[in-house]
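Chemist: There's a structure below that I have some questions on.
The values are calculated or read from the model by the stated rules, or taken from the named source; none is laboratory data. These numbers come from a predicted model, not from an experiment. Please note: Cβ atoms are built from the backbone with ideal geometry, for glycine as well, and neighbour counts cover all protein chains shown.
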Amino acid sequence: MARLAFVGLTFFLLLSGCGSSSGEGDAPRRGQGNSSPPSVEAVQARDGTLPLEERMSGTVRARNQTAIYSELSQPVVAVEAQTGDYVEKGEPLVRLRRVTYEQQVRQAEAALRTAKAEAQGAQASLRGLRSQLKRTERLADQDFESQQQLESLRAQVEQAEATYEQAQAQVEQAESTLQERETALRRTVVRAPISGHVGQRNVQVGQRVGPDTRLYTIGDLDSVKVNVEVTDRMFGRIRPGQTARIHVPQQDTVLVAPVARMSPFLSEESYSAEAVIEVSNDPRLLNPGMFVEVDVAYGESERATIVPLSALYENPGSNARGVFVAPTLGTEIPVDVPEDFNADNPPPLTPPTPTTFRKVEVVAEGQQTAGIRGVEPGDWVVTVGKNQISAAGQGRVDARVRPMSWSRLMALQRLQDTDLLYDVLERQQRIAEQRFGGEDSTSSDSAQSSTGS
């Protein structure tokens, strides 16, 4: 559909340019009676190879892009970061109500002090009993103490050891509780887990948030990644390290980066695998969430004659695929094609010159060009006006040809149909302003002359 819009609108632009050429639109046409030869555009075919590419749709994500959630369910008392802010790792983003957690920390601190005091008392008691046991053992060796007294002290020491171990366990438990309460208190301040730009703020003061509430999205915009889906048809062709061309929406810009990695597994649902392209984003042309078109080159075709895709024509009668060639251009009719195209002063149309349909074999097709056999490099092929030539008759048809440069044609093919339409409308507006402005000026001059006479 976009290609049809391109052809139709470009032909409208061509006709507008023809109408502005001085006297050319009214010249008599050769070989077609009183009918006017069609006006067409043509470029010169080239020799070369065609990059073999796969086009995929991709989604832009920031590097280390992550969603931020609260680990606690509490009301928000302060919002520290706004959408668009750059934050360093560890900076506070949101503060939650912390009164309950502060009380719990104080209680845990008190419980720890109590446990430590009890442990110290148990330790002192154990030391005293151990000292007494040693004296009793020396006296018992000299028969100054009975074995019954000795066994009783040993039992008391064992009991004291158990009491001390229990007190130590209570201290450890109190310390663990305090750490948990302090961790919960720290979590009342939601901090940035990474350095990056803040986006998609979804939090307000007074709002009660919880673990299921996304507060922000944070990511590093200096380097982004583009995730593309590689279908099972493409799977054997796409590999990490291949060159990817990312078409930036609304910028008429292409970023080049290698395929960084690719999943070896195809999804059972979509029959596709994810590939990741990492791109330097300076200047920041890509934003997270963008959908972009990505061309990944996986090789080159054999050498062939290269023509624009817009030059290919399928004969509706025979279904033969071919191109219309103007064989006298560059030989009998000299051609001068300026590289810089001026829409207000386009290259002139040639006198009526023969064009013929030539069947070709398409070797390979790219996004904008095709490699063919059946036409020689240097031949001039029609890119705009093929339907008009076909409608004018079979065999040789005379046409007036406007030679165009490859750079101009590629620029037109890259334009969306709406962009081309705006270009046409702006040009028509300029022509109208010049025309009516000239008439106003002439009328004014005539009025002044009449007044003067």
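Chemist: (1) crowded, with 22+ Cβ neighbours inside 10 Å; (2) modelled with pLDDT under 90: which one isn't true of Ala392, the others all being true?
Modeler: All conditions are met except number (1).
Residues are listed down the side, and each one gets a yes or a no for (1) farther than 18 Å from Ser405 by Cβ; (2) at pLDDT 90 or above:
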{"site": "Pro347", "(1), (2)": "no, no"}
{"site": "Pro351", "(1), (2)": "yes, yes"}
{"site": "Thr355", "(1), (2)": "yes, yes"}
{"site": "Arg358", "(1), (2)": "yes, yes"}
{"site": "Val363", "(1), (2)": "yes, no"}
{"site": "Gly366", "(1), (2)": "yes, no"}
{"site": "Ile372", "(1), (2)": "yes, yes"}
{"site": "Pro377", "(1), (2)": "no, yes"}
{"site": "Lys386", "(1), (2)": "yes, yes"}
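Chemist: Starting from residues that are out of contact with any Pro (no Cβ under 6 Å at 6 or more places or on another chain) and in a strand (DSSP E or B), keep the ones in region 252-268 and report whichever is surrounded by the most Cβ atoms within 10 Å (Cβ to Cβ).
Modeler: Leu255
Chemist: Of the residues that make up region 262-285, is at least one outside the structural domain of Pro377 (by TED's automatic domain parsing) and closer than 20 Å to Gln368 by Cα?
Modeler: No, region 262-285 contains no residue that is outside the structural domain of Pro377 (by TED's automatic domain parsing) and closer than 20 Å to Gln368 by Cα.
Chemist: Would you say Val323 is over 30 Å from Val198 (Cβ atoms), in contact with a helix residue (DSSP H, G or I) (Cβ under 6 Å, 6 or more places away or on another chain), at pLDDT 85 or above and buried (at least 17 other Cβ atoms within 10 Å of the Cβ)?
Modeler: So Val323 fits the description; yes.
Chemist: Only one residue in Ala111, Ala167, Ala115 is surrounded by 13 or more Cβ atoms within 10 Å (Cβ to Cβ), in contact with a Ser or Thr (Cβ under 8 Å, 6 or more places away or on another chain) and not aromatic (Phe, Trp, Tyr), so which one is that?
Modeler: After ruling out the rest, the residue left standing is Ala111.
Chemist: While we're on this one: If we keep just the residues of region 79-89 that are over 11 Å from Gly196 (Cα atoms) and of a type outside the set (D, E, K, R), which is surrounded by the fewest Cβ atoms within 10 Å (Cβ to Cβ)?
Modeler: Out of the qualifying residues, it is Gln82.
Chemist: Find all pairs meeting these conditions: Cβ atoms under 8 angstrom apart; at least six residues apart or on different chains; first residue within region 176-205 and under 16 Å from Gly90 (Cβ atoms) and at pLDDT 95 or above; second residue surrounded by 17 or more Cβ atoms within 10 Å (Cβ to Cβ) and of a type in the set (Lys, Arg).
Modeler: The qualifying pairs are Thr188/Arg98.
Chemist: Still on this model: Please state which of the following conditions Val276 fails to meet, knowing it meets all the rest: (1) in contact (Cβ under 8 Å) with a residue 40 or more places away in the chain; (2) over 22 Å from Arg233 (Cβ atoms); (3) surrounded by fewer than 18 Cβ atoms within 10 Å (Cβ to Cβ); (4) under 14 Å from the mean Cα position of the chain (by Cα).
Modeler: The one condition Val276 does not meet is (2).
Chemist: Looking at region 90-104, which of the residues that are among the hydrophobic types (A, V, I, L, M, F, W, C) and buried (at least 19 other Cβ atoms within 10 Å of the Cβ) is farthest from Ser73 (Cα to Cα)?
Modeler: Ranking the qualifying residues of region 90-104, first place goes to Leu93.
Chemist: Among the listed residues Glu145, Glu161, Glu109, identify the single one that is assigned to a loop (DSSP other than H, G, I, E, B), in contact with a helix residue (DSSP H, G or I) (Cβ under 7 Å, 6 or more places away or on another chain) and either touching a residue at least 60 places away in the same chain (Cβ under 8 Å) or acidic (Asp, Glu) (or both).
Modeler: One residue alone meets the criteria, Glu145.
Chemist: Is it fair to say Thr83 is touching a residue at least 24 places away in the same chain (Cβ under 8 Å) and assigned by TED's automatic domain parsing to the domain that holds Val296?
Modeler: So Thr83 fails the test.
Chemist: Would you check which residues across region 37-58 are hydroxyl-bearing (Ser, Thr, Tyr) and buried (at least 16 other Cβ atoms within 10 Å of the Cβ) and list them?
Modeler: Within region 37-58, just Ser39 meets the criteria.
Chemist: Examine region 228-249 for a residue that is within 18 Å of Arg55 (Cα to Cα), out of contact with any strand residue (DSSP E or B) (no Cβ under 7 Å at 6 or more places or on another chain), touching a residue at least 24 places away in the same chain (Cβ under 8 Å) and not in a loop (DSSP other than H, G, I, E, B), and state whether such a residue exists.
Modeler: Within region 228-249 (the criterion being within 18 Å of Arg55 (Cα to Cα), out of contact with any strand residue (DSSP E or B) (no Cβ under 7 Å at 6 or more places or on another chain), touching a residue at least 24 places away in the same chain (Cβ under 8 Å) and not in a loop (DSSP other than H, G, I, E, B)), the answer is no, since none of the residues qualifies.
Chemist: Give me the residue from region 364-384 that is more than 36 Å from the chain's Cα centre (by Cα) and in a loop (DSSP other than H, G, I, E, B) and, out of that set, surrounded by the fewest Cβ atoms within 10 Å (Cβ to Cβ).
Modeler: Looking at residues that are more than 36 Å from the chain's Cα centre (by Cα) and in a loop (DSSP other than H, G, I, E, B), I get Glu376.
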